[in-house]
Amino acid sequence: MTVQTASSIGPARIDIAYEVLGDATAPPVLLIMGLGAQMLGWQDDFCAALVAHRIMEILVEKKVLPEGALSLVVGSAGDILDHLGPQDVVAFTGSGDTGITIRSMPNVIRHSIRVNVEADSLNAAILGPDAEPGSDTYDFFLKDVARDMTQKAGQKCTAIRRVLAPPSTVAQVRDDLVERLRAIVVGNPAQ
């Protein structure tokens, strides 16, 4: 966020400080805190939830998915998991602790509800200094990183989040990886 100030605003000629989050050319959402409130009042998570809600509205408006196929829960889910049955599946992305809480809920255990948790993953691919460009190990490294970046559109709990290479090979790894990724076809695989 960017903090900005404006002086002598309105008939009372007050000075205000404000933050701008996101694309300044997009339609704005104005959130007004009370008098004397610090600029810490609007938590980043709250602002992110507003953005997520709008994205969901757009997905529904554009009919990207069949009606009822997508749900957004912001904040507490309340007792919703108490009403699931054996036909249901819970897919959750977040902290490992919350994943444990979900999996250990009596109703989830009682009905053997399938739970898919993607949590706390910060996986890295590390290229050792002995893996020379052109070697089998180097080529396997590039192949594995490219596969991991592209399968499931990178949306999996074990996806590589960082690529670490010795300083002497960083530029070569980057260039070779870019070259490999150029061959990836994006879009409908049937076309």
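The values are calculated or read from the model by the stated rules, or taken from the named source; none is laboratory data. Computed from a prediction, not measured in an experiment: that's the story for all the values here. Backbone-built Cβ (ideal geometry, glycine too); neighbour counts: all protein chains shown.
For this structure, a couple of remarks:
- Restricting Ala12, Ala37, Ala49 to residues that are modelled with pLDDT of 75 or more and loosely packed, with under 12 Cβ neighbours inside 10 Å narrows the list to Ala12.
- Filter pass, Glu132 being of a type in the set (Asp, Glu) and closer than 30 Å to Thr169 by Cβ: yes
- In the range 101-125, the qualifying residues are those that are surrounded by 12 or more Cβ atoms within 10 Å (Cβ to Cβ) and among the aliphatic types (A, V, I, L, M), and the one that is nearest to Arg162 (Cα to Cα) is Ala125.
- Meets criteria (within 20 Å of the chain's Cα centre (by Cα), outside the structural domain of Ile109 (by TED's automatic domain parsing) and either outside any loop (DSSP other than H, G, I, E, B) or aromatic (Phe, Trp, Tyr) (or both)) for Val90: no
- Pairs, first under 20 Å from Ser112 (Cβ atoms) in the range 66-84, second assigned to a helix (DSSP H, G or I) and not charged (D, E, K, R), C-beta under 8 Å, six or more apart: Leu81/Ile102; Leu81/Asn107; Leu81/Val108; Asp82/Asn107; His83/Asn107; Leu84/Asn107; Leu84/Val108
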